[in-house]
Amino acid sequence: MRNREKRRHFPLRLLLAGVILVLLGLIANDFLQRRLHPERFRDWSRVIAYIPLDDRTDNLEDVLYLAEASGWEIVTPPRDWFRTALDGQPRNESGEPYGNREALFQWAKDMGRDGCHTFLFSLDQLFSGGLVNSRAVKDTWPLSFSKRSVMDELDAFRKYILPLAKNPRNRLYLFDSLARLSPTVGYLGIGEQEYYALREYGMVPRPALSERNLTLKEVFSRYPYAADGRTPAENNIEKERFRDTLTPDLIETYLGVRRRKLALTDEILTAIEPFDNIQLFIGVDDSSNRDNIQYNELRYLRSRIGADVSSGIAVMAGLDSLARLFVGRIAQETHDYRVRASVRYVGGTEEKHSSEFDLYTLEDVVKLHLDFFRAEQVPESQAELQFLVMTAPDSPERAAEYVEELVSALERNLKRHIPTVLNEASNDAYGDSLEQELLKRIPFAELVAYAGKYDQANVTGAAFAMGFSRYLYLRCDEPTLRADSAHAQQMANSMALTEYILHTRAPLNAYLQSLGVDTGNIPPDTPYRTRIQRKLSELFAPECRKVRDNLRGTGLLSGLSPWRTRPIRELSIRDYQFPWSRTFELTFAVDVALDETESGRAVT
């Protein structure tokens, strides 16, 4: 009897054992897969797959800090795949000075396969290997994924990028550039003489096209000629030394680059038309405030896409701030909230162009950015977020008055717990006086955002991107210690870069020039590298201490209702490096230690 029962239960036990073994196998396989492919098991709801324009601080560290301070995580491909190397500098693993386009297209596809839903891609990087190289490629440049898989840039876009948009959960944010007036010094043999000669050539007004004739073919046909449509454009350059530099080959390469870039942008606009989950913004790189070769290009693009930057497809002032602007746009769309914002200008020159490189006035740029974030501009008394924009003074005699007006306004706003963004767009028009008063009287940690370097288009983009994305996070999310730490890092980063530009770069350049070293391309084998690094530390460390002294011990804004701050216990800036082996940019590490507890204060 007992033997019969044992025989009857034996298959059940065997089946149960088999089930247990299968489950253990699945668990082991899941564990192994999570170790080998962690990207496939992460929470992708707040992750942005990002292909940068290049590896400069504007397009890498600044974007990473901003995203994390806004509750997002940025995932990038290996830096070597999007790095730019100037002439004479060590090249990438591919052996080239530009990004690895094939690897980047495949990486984008893999991110979609692994489960990412938010994508932020530079088309200059995907099509040309970065911004600098996009200024040098004059013909269609096929990609070779294998011997049997060779395709042009548009076919690669259709095969690897457009399929991402077919998933309705996915959102694609693409940014491109309108070719600037001149290529990059120190890349593929371009020197300062060629740079300025081509800039002068690009600034010669071309024949203006009528609305009826505004086609791509007609834009291209006007490239070689001055405004009368007959005279070669180079003949209208006043300086003979520039005319002598402009060889037929140099001009043909320059015009070929423009044709290729504009034609690619035009094709992309057509390719993305069926998709309502793709946005594309085209940044205007260095330009000028008078008629030039870009004007027919701009008019053609606007004839295709309109001028409404809130629509998701438009032309935008500035380029190096576009990735950060899209992080802010992602935050705005995620929370689906329209911010009531006010703008106050201090200085009186917002209606003027701040330099010969500006296409727009500062007032135009600010309006573009308010529209970009779909903000409702209201009087200060009704605003939930205030922007204070410092311009150059309308007269030198009033400079001190404007400094006091700005700093007093900031003090009042912080005392009343009004969320405030400082956009210092004066281009160093106040010397040390403004910076000294700001560092002495304003706890930068309590600002929602701050930017104070570069030209007015990019500095405004940086300030508005940080302002809107951080404000939306504070208003709509529950801030975390990690996000607050990233915000402290980006604030310190922005402040320290401003100090570098104001006080370090000029004397450092003078030192390098005394050694006979090119400040725009420091040779990798220079015997002075140790001395240069020592001089950089000598000049920059005191400026970093100013930033540390302003932020350390103050409360970082971490909540709005009620107004809450998180004390900054310690902050340090270290490991100063030139990402492109030139003094124009600087990158460094920012370490912060915040209190885990917050302090709340009632609004007075």
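The values are calculated or read from the model by the stated rules, or taken from the named source; none is laboratory data. Being a predicted model, the structure only gives us computed values, none of them experimental. Glycine also receives a Cβ, built like all others from the backbone with ideal geometry; neighbour counts cover every protein chain displayed.
For L174, the stated conditions do not hold, so it cannot be described as crowded, with 19+ Cβ neighbours inside 10 Å, touching a Gly at 6+ places or on another chain (Cβ under 8 Å), of a type outside the set (F, W, Y) and in contact (Cβ under 8 Å) with a residue 24 or more places away in the chain. Is it true that G256 is in a loop (DSSP other than H, G, I, E, B), surrounded by fewer than 17 Cβ atoms within 10 Å (Cβ to Cβ) and not β-branched (V, I, T)? So G256 does not fit the description; no. Tallying residues that are part of a loop (DSSP other than H, G, I, E, B), hydrophobic (A, V, I, L, M, F, W, C) and crowded, with 16+ Cβ neighbours inside 10 Å within segment 215-253 yields 3.
Rundown of residues vs (1) aliphatic (A, V, I, L, M); (2) within 17 Å of L198 (Cβ to Cβ), yes/no style:
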residue: Y223; (1), (2): no, yes
residue: A233; (1), (2): yes, yes
residue: N236; (1), (2): no, yes
residue: N296; (1), (2): no, no
residue: S311; (1), (2): no, no
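In the set G112, G71, only one residue is within 30 Å of T480 (Cβ to Cβ) and either assigned to a helix (DSSP H, G or I) or of a type in the set (S, T, Y) (or both); that residue is G112. Residues of segment 188-208 that are buried (at least 19 other Cβ atoms within 10 Å of the Cβ) and either farther than 18 Å from A226 by Cβ or among the β-branched types (V, I, T) (or both): I190, E194, V204.
Here the helices (runs of 4 or more DSSP H) wholly within segment 356-471 that include at least 1 residues being touching a strand residue (DSSP E or B) at 6+ places or on another chain (Cβ under 9 Å) and surrounded by fewer than 19 Cβ atoms within 10 Å (Cβ to Cβ) are 362-372, 399-415. Contact map, segment 269-286: first residue assigned to a loop (DSSP other than H, G, I, E, B), second residue surrounded by 21 or more Cβ atoms within 10 Å (Cβ to Cβ) and among the polar types (S, T, N, Q), Cβ cut-off under 6 Å, separation 6 or more or different chains; pairs are D285/S177. On inspection, A263 fails the criterion of being outside the structural domain of F584 (by TED's automatic domain parsing), assigned to a loop (DSSP other than H, G, I, E, B) and of a type in the set (A, V, I, L, M, F, W, C). Filtered by the rule that a residue be part of a helix (DSSP H, G or I), among the hydroxyl-bearing types (S, T, Y) and free of Cβ contacts under 8 Å to residues at least 24 places away in the same chain, segment 479-527 gives a lone residue, S514. The criterion of at least 2 residues that are farther than 17 Å from V448 by Cα and touching a residue at least 24 places away in the same chain (Cβ under 8 Å) is met, among strands (runs of 3 or more DSSP E) falling completely within segment 545-604, by 563-577, 587-594. Among the residues of segment 178-218, the ones that are charged (D, E, K, R) and either closer than 29 Å to P523 by Cα or within 28 Å of the chain's Cα centre (by Cα) (or both) come to 5 in all.
May I ask you to list the residues in segment 536-558 that are over 27 Å from T597 (Cβ atoms) and among the polar types (S, T, N, Q)? Listed by number, the list holds a single entry, S537.
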